[in-house]
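To start, the structure itself, in structure tokens.
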Amino acid sequence: MLFSLKTTLATLLSIFALVPLVIGEDAPPTPPVVPAKPTIREVSPGIFEVGEVRLDQKALTISFPGKLNMERGLLEYLIVNPRGSAHESLLVTDANASDIHFAMLLLGAKGGAITAEAPPTQLDERYFRTAPKITGDPVLITVQWKEKDVERTVPVEDWLYNESGKKAIEHGPWTYNGSIVFEGRFLAQVDGNLVALVTTPTALINNPRKNSNNDQMWNAYEKATPKVNTPVRIIFKLLPTTDPKSKTKP
């Protein structure tokens, strides 16, 4: 398995080194699809670091630091970085989208097909009527934090409130679709929106649950979350597609 991962790493590095960096004349520098030479370090057998992202080969997980950004209010995103829409995201992180995506590809995720078409300019009712369903790999998302010196771990769904059902949302996998590459740019890296509650094709991960196209549906669950700015560790676990946990309730 270790040989397989190292072979995959060599293949990905050779591909990403060829991806051009697209910069407009008047635009600030835009990150490439992934760094041409991502910083990858093996810290122990089967454990690797890609920037701030830690990959556990045996557990099929990646993890990275973040913090709670909102404990109440409507949400459109679950996780963003400083480039993203932090005013409507439950969690924020300094981790790069490209590092997260590279680590997920090393685990074996298949999301992230290059598209020749421009991304949607507006995610409205008209778009959702004709847009193809977002597909990808099933992943579980959990969060770890310390409360009175005791480490706690919960599914991230425990921190979300469904306005329709007036309760925490159902547990289950999220869809790792891997964002979009357009004109040589990896759009999750450009936009900084990593995990979307309301369907966003350019995010790395999307919400497969009912009403995911409704921006009035998802809230931070104040009764369950710690305080704003509480440091957390965010964990993505890649599920085999045959795993029964990979099926989400309609």
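The values are calculated or read from the model by the stated rules, or taken from the named source; none is laboratory data. Keep in mind that this is a model prediction, so the values were computed, not measured. Neighbour counts run over all protein chains shown; Cβ positions are idealised from the backbone, glycine included.
Odds and ends about this structure:
- If you go through the range 41-89 and pick out every residue that is over 18 Å from T202 (Cβ atoms) and not acidic (D, E), you end up with 29.
- Unique residue being among the hydrophobic types (A, V, I, L, M, F, W, C), modelled with pLDDT under 95 and surrounded by fewer than 19 Cβ atoms within 10 Å (Cβ to Cβ) when the list is A113, A109: A113
- Of all residues making up the range 125-151, the number that are modelled with pLDDT under 90 and touching an Asp or Glu at 6+ places or on another chain (Cβ under 8 Å): 0
- Restricting the range 68-83 to residues that are within 14 Å of the chain's Cα centre (by Cα) and under 22 Å from R209 (Cα atoms), the residue that is surrounded by the fewest Cβ atoms within 10 Å (Cβ to Cβ): E76
- Total residues in the range 155-198, condition under 17 Å from P231 (Cα atoms) and surrounded by fewer than 14 Cβ atoms within 10 Å (Cβ to Cβ): 0
- Residue among G184, G178 that is within 21 Å of A103 (Cβ to Cβ) and touching a residue at least 60 places away in the same chain (Cβ under 8 Å): G178
- In the range 206-225, residue surrounded by the most Cβ atoms within 10 Å (Cβ to Cβ) [restricted to those that are in contact with a helix residue (DSSP H, G or I) (Cβ under 9 Å, 6 or more places away or on another chain) and not charged (D, E, K, R)]: T225
- Test for N207: is it of a type in the set (S, T, N, Q) and within 14 Å of the chain's Cα centre (by Cα): yes
- Verdict on A95 being over 13 Å from G51 (Cβ atoms) and either of a type outside the set (F, W, Y) or modelled with pLDDT of 95 or more (or both): no
- Residue within the range 192-212 that is within 19 Å of K110 (Cβ to Cβ), among the aliphatic types (A, V, I, L, M) and modelled with pLDDT under 95 present: yes
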